[in-house]
Amino acid sequence: MYSQDFLIEYAQKKSSEIEEFWAKEFQSDDRYAPVKKIIFESQLDESLGGMSELFKLFFRSLVSFSSYDYEFNQICIREGLFERVENEYGLIFIEYTLAHEWAHHIQFLLQKEVNFLELDLLETRKIELQADCISGFYFNQNSLGKEEVLQIKRTLENLGGDDEHGSSQERMKAFEKGLQFSHLNECFKEEQ
């Protein structure tokens with residue numbers, strides 16, 4: 001059984017690794033800016049001043065485990081994520097969740113013309129599946145082992161689907177495509 005402190009420390013370590021990867025990936029592109037911070041639910045009250053009003057309402061009512069705040073450039077993690085790590089998915093779920101939220105950060109940086117807060121359901125699903133593809137790309141570039149790939153696929157399958165994120169099969173397909181891509185821009189092609 002992992003302690004809450006261990007899981008937060010692990011998530012912070014993985015966040016640093018993900019940030020380092022994307023900084024290198026964009027080293028010749030001046031559009032990249034790092035994620036400002038990772039907020040854990042236990043730190044929420046002290047962090048609420050640095051969140052948009054819309055995001056505060058959204059995060060307090062959030063059913064999912066994580067989210068990316070486009071306005072303040074930060075990732076928020078609910079402790080429910082840690083419970084799922086303990087009981088179902090293992091530590092790779094933390095890294096996958098962070099990679100997925102970082103993918104939203106990458107989308108925001110590369111698609112400034114998209115108003116992410118005003119997307120309809122179909123557009124939201126496309127953005128979410130694209131984030132799964134970008135996550136696959138990240139893991140491909142970081143030599144994910146076969147067992148870890150299987151663990152992420154099982155996680156995506158067990159999480160099930162929803163209207164916003166797509167079905168389990170759609171999410172696995174998007175992630176698998178990202179695992180095959182050698183260039184990030186392949187995840188941004190219309191037919192991916």
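The values are calculated or read from the model by the stated rules, or taken from the named source; none is laboratory data. Quick caveat, the model's predicted, so the values are computed rather than measured. All Cβ positions, even for glycine, are placed from backbone atoms using ideal geometry, and neighbour counts span all protein chains on display.
Here E46, E128 are screened, and the one residue that is modelled with pLDDT under 80 and out of contact with any Leu (no Cβ under 6 Å at 6 or more places or on another chain) is E46.
Set side by side, the residues N140, N185, N158 differ, and just one is under 16 Å from the mean Cα position of the chain (by Cα), not in a loop (DSSP other than H, G, I, E, B) and not β-branched (V, I, T), which is N140.
A single member of E147, E86, E191 is at pLDDT below 85, surrounded by fewer than 16 Cβ atoms within 10 Å (Cβ to Cβ), within 28 Å of M1 (Cα to Cα) and of a type outside the set (K, R), and it is E86. Of I39, I94, all but one fail to be crowded, with 17+ Cβ neighbours inside 10 Å, at pLDDT 85 or above and either assigned to a loop (DSSP other than H, G, I, E, B) or not acidic (D, E) (or both); the exception is I94. Are there any pairs with C-beta distances below 9 angstrom linking a residue in region 67-78 that is within 12 Å of H104 (Cβ to Cβ) and aromatic (F, W, Y) to a residue that is at pLDDT 80 or above and surrounded by fewer than 22 Cβ atoms within 10 Å (Cβ to Cβ), with the two at least 6 apart or on different chains, and if so which? Matching pairs, first to second residue: Y68/V35; Y68/Q74; Y68/Q107; Y68/F108; Y70/F108.
Restricting the first member to region 103-125 and to residues that are closer than 24 Å to G161 by Cα, and the second to residues that are part of a helix (DSSP H, G or I) and hydroxyl-bearing (S, T, Y), the beta-carbon pairs closer than 6 Å and six or more apart or on different chains are A103/S135.
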